[in-house]
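The values are calculated or read from the model by the stated rules, or taken from the named source; none is laboratory data. It should be emphasised that the depicted structure is a prediction, and the values quoted were computed from it without experimental measurement. Virtual Cβ from ideal backbone geometry, glycine too; neighbours counted across all protein chains shown.
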Amino acid sequence: MNKPVSPSSLVVDQPAEVVIEGPELVGDGFRRLERFSVTLDYDGTPTTMSRDILRIGRTVGIVAIDLSRDEIVLIRQFRLPAHFLTGRGDNMEIPAGYIDGDEPPLEAARRECIEEIGVAPKAIREVFSFLPAPGMLEEQATIFVASVDASAVPETAGAASEIEHTRPLRVSIDEALAALGTGQILNGYLIISLQWLALNRARLPELLGDS
């Protein structure tokens, strides 16, 4: 019978014994799509399979909080895959984006905050990282919590150089957290960030220095 074990000994990502051949370039558009031959040894039996990965790289997301107003600033942005999958392509999201080259993640988070919600963070702190879809995407997201002045948020934002159009929205933290149970938001960055916020809401003044 399986017995419970401590998280430190079981619930942890580990290195894999794997033989990888490739890559073969499948497509080279906005991001590279590559194909690899992967061989894993399952109980003494080597098994070889073909796996494709999309090279996304490192990204950042920002949980933008106005402590004095008890609000979070989210954005709406059109996403073509969401449109195809659900018919609701006008996605609710947190501000997020790619890290440019050797740009430090903290600076990328500051830049994305300014670009996507139109205001600079007064304080900002890294809080966690995750892999959005490790079965297909080579992407690692780092999430920051930031203090912002929600009253200064414009109606529209986005980096013109990227043909980006975002619509910032001021939402009470209570309303945002309540949306977790409705099934009406499906964006992974947003859901995971709101779950983090639900667990850490009481710590926001400490994390953001009462800003």
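Given 46, 23, which one is modelled with pLDDT of 95 or more, in a strand (DSSP E or B), not assigned by TED's automatic domain parsing to the domain that holds residue 149 and not basic (Lys, Arg)? Criteria check complete, one pass: 23. Looking only at residues of region 57-89 that are surrounded by fewer than 21 Cβ atoms within 10 Å (Cβ to Cβ) and among the small types (Gly, Ala, Ser), we find that the one that is farthest from residue 33 (Cα to Cα) is 68. I'm told residue 141 meets every condition in (1) in a strand (DSSP E or B); (2) closer than 21 Å to residue 209 by Cα except one. Can you identify the failing condition by its number? If we test residue 141 against (1) in a strand (DSSP E or B); (2) closer than 21 Å to residue 209 by Cα, just (2) comes out false. Of the residues making up region 132-165, those that are among the small types (Gly, Ala, Ser) and surrounded by fewer than 18 Cβ atoms within 10 Å (Cβ to Cβ) are 133, 135, 151, 152, 159, 160, 161. Residues considered: 75, 62, 94. Of these, the only one that is in the same structural domain as residue 133 (by TED's automatic domain parsing) and either acidic (Asp, Glu) or touching a Cys at 6+ places or on another chain (Cβ under 7 Å) (or both) is 62.
Every condition in (1) more than 26 Å from residue 191 (Cβ to Cβ); (2) loosely packed, with under 10 Cβ neighbours inside 10 Å is met by residue 19 except one, and the failing one is (2). Condition test on residue 126, is it surrounded by fewer than 15 Cβ atoms within 10 Å (Cβ to Cβ), of a type in the set (D, E, K, R) and closer than 19 Å to residue 207 by Cβ? Here the answer is yes, as residue 126 does meet what is asked.
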